[in-house]
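K.L.:
Just passing along the structure, written as structure tokens.
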Amino acid sequence: MPDISLTMVVVLCLAALAAGWIDAVVGGGGLLLLPALLLGLPNSGSAAQYALGTNKAVAIVGTTGAAVTYARKAPVDVRTAIRIGLAALAGSTAGAFVATGMSTEILKPVVMVVLLGVGTFVILKPAFGTAPSAEPVSPRRVLAAIGLAGLGIGFYDGLVGPGTGTFLVLALTALLHLDLVSASATAKIINCCTNAGALATFAWKGTVFWQLAALMAVFNLVGAMAGAHTALKKGSGFVRGVLLTVVFALVAKLAYDFWL
């Protein structure tokens, strides 16, 4: 365990619980969990790498729990999800190798701009993801999903991580004509792969606080399974509302961290 107070351990566990719920509903739990780890872990030159590694060890447990919950009740094309997931595994592994040698600070404004674009798009397209499209999905769209949602977003997940689930949900909804609930379910399967690739790299580099991660993972799993049940029960309209709330709240937080 790192040298942190009991109060901070409790705060990190509560952050893991909330992040699990958010991530299962619409993705983006890392935008809560990673800053909490960066704040709570001892300040050192390698703090960012340990925060990234520990974050992956926590997130993979909650993501797996949410994926199992969704797969039981939501319509998911598991074959397509696994194909995208394998590409994401390769992308996240490469991204994690890059991340071990860089500071995450330089990426904050980039993530913030992308999130603003996401929020604006969802507002301007109120029908986006409210129902699955009847239009058949062409092989070209599946390949595009493998490239963008797999390799591209997978690389980002290994490099930084926060917002990966949200980006996956939007990419899958746009490319594969899914509703937001089915996209969230598919994203969890892919996210399991990206987390596994990144975690393997961070573990190999020795930048994971395993005992802290194990404790936080229990809370993350509870939150994730509760979030998946909520999304399945409430439907796409509810997911859209959570998506917008999370995006703009976290844009505000990133802006505060960057400029103030």
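The values are calculated or read from the model by the stated rules, or taken from the named source; none is laboratory data. What you are looking at is a predicted structure, and each value in this text was computed from that prediction instead of being measured. Cβ placement follows ideal geometry from the backbone for every residue including glycine, while neighbour counts extend to all protein chains displayed. SASA here: full protein model, heavy atoms, side chains in, ligands and nucleic acids out. Shrake-Rupley method; radii C 1.70, N 1.55, O 1.52, S 1.80 Å.
K.L.:
Can you give me the angle between helix 6-26 and the longest principal axis of the chain, using Cα atoms only, in degrees from 0 to 90, rounded to the nearest 10?
P.N.:
That helix lies at roughly 10 degrees to the long axis.
K.L.:
Taking a ≥ b ≥ c as the square roots of the Cα gyration tensor eigenvalues, with a/c under 1.5 meaning rounded and otherwise prolate when a/b beats b/c, else oblate, which class fits region 174-237? Write out the running numbers ahead of the final one.
P.N.:
Details: a/c = 5.20, a/b = 1.64, b/c = 3.17.
Note, shape of region 174-237 comes out oblate.
K.L.:
How would Ser182, Ser5, Ser138 line up by accessible area, probe 1.4 Å, largest first? List each step's numbers first, then the result.
P.N.:
Values: Ser182 5, Ser5 65, Ser138 45 Å².
Solvent-accessible surface, decreasing: Ser5, Ser138, Ser182.
K.L.:
Report the calculated FRET efficiency for Lys125 and Phe248 (r = Cβ-Cβ distance, R0 = 25 Å), to the nearest 0.05. Let's see the in-between values first.
P.N.:
Numbers: r = 16 Å, r/R0 = 0.64.
Using R0 = 25 Å, I get an efficiency of 0.95.
K.L.:
Distance from the Cα centre of region 1-35 to that of region 178-250, in angstrom?
P.N.:
11
K.L.:
Hey, another quick one. Got the relative contact order for region 1-97 handy, in percent, Cα pairs under 8 Å and 6 or more residues apart? Mind dumping the intermediate values first?
P.N.:
On the way: 48 pairs, mean separation 22.5, N = 97.
Here the relative contact order equals 23 percent.
K.L.:
For the chain, what does the helix formula give at 222 nm: sum of -39500 (n - 2.57) over DSSP H segments with n ≥ 4, over the residue count, nearest 500 deg cm²/dmol? Spell out each step's value before the answer.
P.N.:
On the way: 11 runs with 200 residues, N = 260.
Taking each H run of at least 4 residues, the total per residue is -26000 deg cm²/dmol.
K.L.:
A follow-up question, please. What is the angle, in °, between the Cα long axis of helix 180-205 and the longest principal axis of the Cα atoms in the chain? Nearest 10 is fine, range 0 to 90.
P.N.:
30
K.L.:
Something else now. Just to confirm the number: angle between the C-alpha axis of helix 78-99 and the first principal axis of the chain, 0 to 90 degrees, nearest 10?
P.N.:
Result, in degrees: 30.
K.L.:
Among 220-226, 20-26, 10-16, 68-74, how do they line up from the highest to the lowest mean number of other beta-carbon atoms within 10 Å? Show your work: numbers first, answer last.
P.N.:
Values: 220-226: 23.6, 20-26: 29.7, 10-16: 19.4, 68-74: 17.3.
With the highest mean Cβ count within 10 Å placed first, the list reads 20-26, 220-226, 10-16, 68-74.
K.L.:
Quick check: with the 1.4 Å probe, what order do His177, His229 take by accessible area, largest first? Mind showing how you got there, number by number?
P.N.:
Numbers: His177 30, His229 85 Å².
So the residues, ranked largest to smallest area, are His229, His177.
K.L.:
Charges only on Cβ, +1 for Lys and Arg, -1 for Asp and Glu: so what's the dipole of region 6-259 about the Cα centre, in debye to the nearest 20? Numbers along the way, then the final one.
P.N.:
On the way: 15 positive and 7 negative charges, 86 e Å.
For this selection, approximately 420 debye.
K.L.:
Here is a further query. Test of understanding: what is the full-extension gain from Ala203 to Leu86, defined as 0.36 nm times their sequence separation minus their Cα-Cα distance?
P.N.:
Once the chain is fully extended between Ala203 and Leu86, it gains 40.2 nm.
K.L.:
Any idea what the relative contact order of the chain is, in percent, if you count C-alpha pairs under 8 Å spaced at least 6 apart?
P.N.:
Numbers: 474 pairs, mean separation 104.3, N = 260.
Contact order relative to length: 40 percent.
K.L.:
Evaluate E = 1/(1 + (r/R0)^6) for Ala214 and Ser138, where r is the Cβ-Cβ distance and R0 equals 30 Å; express this FRET efficiency to the nearest 0.05. Provide the component values of the computation, followed by the final result.
P.N.:
Working: r = 44 Å, r/R0 = 1.45.
It comes out at approximately 0.10.
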